[in-house]
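Enquirer: One structure, as structure tokens, below. Some questions next.
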Amino acid sequence: MKILVEAERIKKEFYTILEKADTPQKLENVRVLFLGRKGKITKRLRSISEYPLHERKKIGEVLNRRKEECERAIEKKKKEMEGRVVDKRKFDIFLPGEEIEFGCIHPITGVLLEIEEIFTSIGFEVAFGPEIEDEWHNFTALNIPEEHPARDMHDTFYIDSKNKILLRTHTSPVQIREMLKRKPPFAIISPGKCYRRDALDASHSPCFHQLEGLWIDENISFAHLKGILEGFCKRFFGENVIVRFRPSYFPFTEPSCELDVSCSRCSGRGCPSCGGKGYLEILGAGRVHPNVFKNVGYEEKWTGFAFGMGIERIAMLKYGINDIRIFYENHLKFLRSFR
């Protein structure tokens with residue numbers, strides 16, 4: 001068939017011209033000449049319909065093979081050209097390279113890790129639990145009565161109010177879950193996210209982080225609680241920090257207290273940062289209430305203490321930050337300062 005003889009002639013012509021193409025532009029000209037919209041091979045492919053039906057298949061196969069062969073040859077030549085260009089470049093190995101910008105740990109994560117390291121170094125284990133809880137684990141088991149205002153819709157995010165499913169308001173439910181599956185003695189800390197229906201302002205956020213601790217054994221006294229927490233404060237804030245315990249009330253501990261540390265800016269003398277008091281509250285604590293032990297089925301011989309702190313609060317004191325919102329706004333200038 002005449003068209004097949006012509007196809008062979010076009011192939012020889014293609015390779016002759018391709019061999020002389022020594023620049024990217026000349027190579028593109030070869031592609032257009034043979035494979036473009038009006039190229040020599042393209043025209044032959046479009047004219048197949050002019051031939052008898054029984055010849056079209058064979059003609060189409062031959063022309064498509066020629067087309068694919070030409071495309072591969074052009075691509076190969078193109079890569080060879082690119083390789084030669086790279087080889088001709090000269091590099092000065094003594095010039096400084098481009099600066100690579102590394103990220104850093106978020107201040108909240110950094111504070112959490114630092115606190116975890118302090119408590120695990122003295123024997124505490126890290127325990128985690130679900131952020132979606134039920135009322136029994138979040139309130140009832142912790143001796144928080146049904147009439148307590150924390151259970152109201154305006155304080156708690158209820159996912160399913162009918163079945164009492166909610167977003168946990170503290171990490172204390174982790175303590176309940178651990179007591180139900182462990183036998184004393186044990187000591188745990190439970191870090192994680194919590195949720196409350198608080199308006200976002202300089203000191204409140206509807207989503208925040210807590211770390212709570214629990215130590216259960218025989219004959220645990222308030223002196224153990226004070227010793228552990230004072231040791232933590234001195235390791236975290238520095239040996240010169242002054243620690244103060246104040247009586248308080250929590251449904252799940254009895255007796256209860258709040259712990260204050262001396263203001264780092266005025267060393268306890270009083271300044272605008274601490275409201276002139278000289279101290280700043282950082283956590284609540286106390287001996288575990290007997291009703292909590294009853295709810296998890298523990299015998300009377302077991303005693304223990306629990307404590308809880310807001311991580312954002314601790315981070316703000318450590319770094320001198322006066323607005324909680326800055327932790328979540330992701331300003332690069334702020335985050336880069338923690339490298």
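Read the figures in this text as sums done on the coordinates, not as results from a lab. Bear in mind the structure is a predicted one, so any value in this text is a computation, not a measurement. Because the Cβ atoms are built from the backbone with ideal geometry, glycine has one as well, and the counts that use them run over all protein chains shown.
Enquirer: Return one number: the angle in degrees, 0 to 90 and rounded to the nearest 10, between the long axis of the Cα atoms of helix 53-88 and the longest principal axis of the Cα atoms of the chain.
Expert: 60 degrees
Enquirer: By the gyration tensor of its Cα atoms, with a ≥ b ≥ c the square roots of the eigenvalues, what is the shape of the stretch 1-52: rounded for a/c under 1.5, prolate for a/b over b/c, or oblate?
Expert: The shape class here is oblate.
Enquirer: Report the full-extension gain for the segment LEU200 to TYR249: residue separation times 0.36 nm, less the Cα-Cα distance, to one decimal in nm.
Expert: Details: separation 49, 0.36 × 49 = 17.64 nm, distance 2.58 nm.
Length gained, LEU200 through TYR249: 15.1 nm.
Enquirer: In addition: Quick check on packing: order 130-143, 323-336 by the mean number of other C-beta atoms within 10 Å, highest mean leading. Intermediate values should be presented prior to the final figure.
Expert: Values: 130-143: 19.0, 323-336: 12.4.
Output ranking for 130-143, 323-336: 130-143, 323-336.
Enquirer: On C-alpha positions alone, give me the angle between the axis of helix 222-237 and the longest principal axis of the chain, in degrees, nearest 10.
Expert: 40 degrees
Enquirer: In the stretch 16-122, which chymotrypsin sites (Phe, Trp or Tyr not before Pro) fall in coil by DSSP and have 13 or fewer other Cβ atoms within 10 Å? Walk me through the intermediate numbers first.
Expert: Numbers: sites: PHE34, PHE91, PHE94, PHE102, PHE119; in loops: PHE91, PHE94, PHE102.
Hits after loop and neighbour filter: PHE91, PHE94, PHE102.
Enquirer: Report, to the nearest 10°, how far helix 172-181 tilts away from the longest principal axis of the Cα atoms in the chain, using its own Cα long axis and a range of 0 to 90°.
Expert: 90 degrees
Enquirer: Looking at [x] 20.8, 68; [y] 36.9, 106; [z] 22.3, 76, which value of Rg and Dmax of the Cα atoms in Å comes from a calculation on the structure shown?
Expert: [y]
Enquirer: Using only alpha carbon pairs under 8 Å that are at least six residues apart, calculate the relative contact order of the stretch 2-87 and give it in whole percent. Numbers along the way, then the final one.
Expert: On the way: 51 pairs, mean separation 27.9, N = 86.
Value for the stretch 2-87: 32 percent.
Enquirer: Calculate the dipole size of the stretch 2-87 relative to its Cα centre from +1 charges on Lys and Arg beta carbons and -1 charges on Asp and Glu beta carbons; express the result in debye to the nearest 20. Spell out each step's value before the answer.
Expert: Numbers: 25 positive and 16 negative charges, 71 e Å.
It comes to approximately 340 debye.
Enquirer: Under the classification rounded if a/c is under 1.5, otherwise prolate if a/b is larger than b/c and oblate if not, where does the stretch 170-285 fall, given a ≥ b ≥ c as square roots of the Cα gyration tensor eigenvalues? List each step's numbers first, then the result.
Expert: Numbers: a/c = 2.21, a/b = 1.32, b/c = 1.68.
It comes out oblate by the Cα gyration axes.
Enquirer: Okay, next question. Roughly what percent of Cα-Cα pairs across the stretch 2-87 reach past 16 Å? All intermediate terms of the calculation are to be shown ahead of the outcome.
Expert: Details: 1928 of 3655 pairs.
Summing the P(r) of the stretch 2-87 above 16 Å gives 53 percent of all pairs.
Enquirer: For the chain, with only Lys/Arg (+1) and Asp/Glu (-1) charged at the beta-carbon, what is the dipole magnitude about the Cα centre, in debye rounded to 20?
Expert: With Lys and Arg at +1 and Asp and Glu at -1, about 3000 debye.
Enquirer: Enumerate the amide H contacts of THR169 below 5 Å, restricted to partners 5 or more residues apart or on another chain; note that Pro and chain-start residues carry no placed amide H.
Expert: It is TYR195, by chain and number.
Enquirer: Mind checking which of ALA306, ALA315, ALA73 has the largest fluctuation in a GNM of the chain, springs on alpha carbons under 10 Å?
Expert: In this elastic network of the chain, the residue with the biggest mean-square fluctuation among ALA306, ALA315, ALA73 is ALA73.
Enquirer: Which residue, chosen from ILE324, PHE307, LEU280, occupies the Cα position most advanced towards the positive end of the dipole of the stretch 263-328, where the dipole is computed from +1 (Lys, Arg) and -1 (Asp, Glu) charges on Cβ about the Cα centre?
Expert: Comparing the listed Cα positions along the dipole, LEU280 ranks first.
Enquirer: Moving on to the next point. Averaging over all projection directions, find the projected area of the Cα convex hull of the stretch 42-85 and quote it in nm² with one decimal place. Before the final figure, lay out the partial values.
Expert: Working: hull surface 12.5 nm².
Quarter of the Cα hull surface area: 3.1 nm².
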